[in-house]
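The values are calculated or read from the model by the stated rules, or taken from the named source; none is laboratory data. Remember, predicted model here, so these are calculated numbers, not experimental data. Quick reminder, even Gly has a Cβ in these numbers, built from the backbone with ideal geometry, and neighbours come from all protein chains shown. Accessible surface areas use protein heavy atoms only, side chains included; no ligands, DNA or RNA. Shrake-Rupley method; radii C 1.70, N 1.55, O 1.52, S 1.80 Å.
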Amino acid sequence: MSTLRSAAAAMTTLTLLTAACATTPRDQPEQQATDTPASAPATPTGSNEETRKATAPAALRFTTRTLDGKTFQGESLAGKPIAFWFWAPWCPKCLSDAPAVKAAATQHKDVTFIGIAGLDTEAAMKEFVQRTGTSDLVHLADAKGAIWTKLGVTEQSTFVFMKPDGTLEKASGPLGQNGLEKHLRTLTAQ
C-alpha cells in the first residue's frame, strides 16, 4: 500500500510539473504537507476545535506551513465555505487571476480564501504574493505538491471550492472576476 501511495504521489508530482504554464519551475525546497495521523480521536473531547478536527473531511486532514512560517492545520477550516486557489509564482494564468481573487476575498468575508503555492521556491512564492498584493490571504507553501495531490489538482491556476458540508467543485482558471463570482455564489447558496 505504501508503495502504491509513493508511486501515485510521484505520478501526480510529474503531472503537476508537466502541466505547467509552458515555463520551467525553479528548484523546490523540501517542504511538504503531512496527513493527520490515523490515530486522531474519533470523538470530540469538548472544544469546538477538537470537534471540527474529528469531523473534518479527509481533504482537510493535513498540516503544513504558511508562507510566513506559521503552522497551519487544514482541519481548522472544517464547516466553513472555502475557496482554495492553487497557483505557481511563474504562471501567467495565476498572475491574471490574482486581482479577481483579491477583490473577491474583500467582498466575500463569509468565504475563507486560501492560496496554495507550489512548483517553486518559497522566496519566489513570497515575491509573487508581494507583487500581486494578495498578502491579506493565507498562503500555504506546498512546494512538494502534497495538498495539490490530496485535492486532485493537476494544473494551475485552479480553484477548489469546498462547501461547509465538505463537497468540492473544481474550476481551472483563469476565471476572471465574473467566473469567480459565479462559483462563489454557488458556494455560499443555502
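A few remarks follow.
- Selection of region 74-92 for residues being under 16 Å from the mean Cα position of the chain (by Cα) and open to solvent by 60 Å² or more (accessible area, probe 1.4 Å) yields only LYS80.
- Enumeration of residues in region 151-165 that are in contact with a Gly (Cβ under 9 Å, 6 or more places away or on another chain) and farther than 23 Å from TRP90 by Cβ: PRO164, ASP165
Yes or no, residue by residue, for (1) among the charged types (D, E, K, R); (2) at pLDDT 95 or above:
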position	(1), (2)
VAL101	no, yes
LYS126	yes, yes
PHE159	no, yes
SER172	no, no
GLN177	no, no
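- Hey, VAL101 in contact with a Phe, Trp or Tyr (Cβ under 9 Å, 6 or more places away or on another chain), open to solvent by less than 20 Å² (accessible area, probe 1.4 Å), within 19 Å of THR66 (Cα to Cα) and not in a strand (DSSP E or B) or not: yes
- Condition met for ALA103 (closer than 29 Å to ASN178 by Cβ, touching a residue at least 12 places away in the same chain (Cβ under 8 Å) and in contact with a helix residue (DSSP H, G or I) (Cβ under 8 Å, 6 or more places away or on another chain)): yes
- Some residue of region 114-129 being aliphatic (A, V, I, L, M), within 27 Å of ALA189 (Cβ to Cβ) and assigned to a loop (DSSP other than H, G, I, E, B): no
- Residues that are β-branched (Val, Ile, Thr) and open to solvent by less than 10 Å² (accessible area, probe 1.4 Å), drawn from region 134-188: THR134, ILE147, VAL153, THR158, VAL160
- From the options ALA83, ALA103, ALA117, residue that is in contact with an Asp or Glu (Cβ under 7 Å, 6 or more places away or on another chain) and within 24 Å of LYS163 (Cβ to Cβ): ALA117
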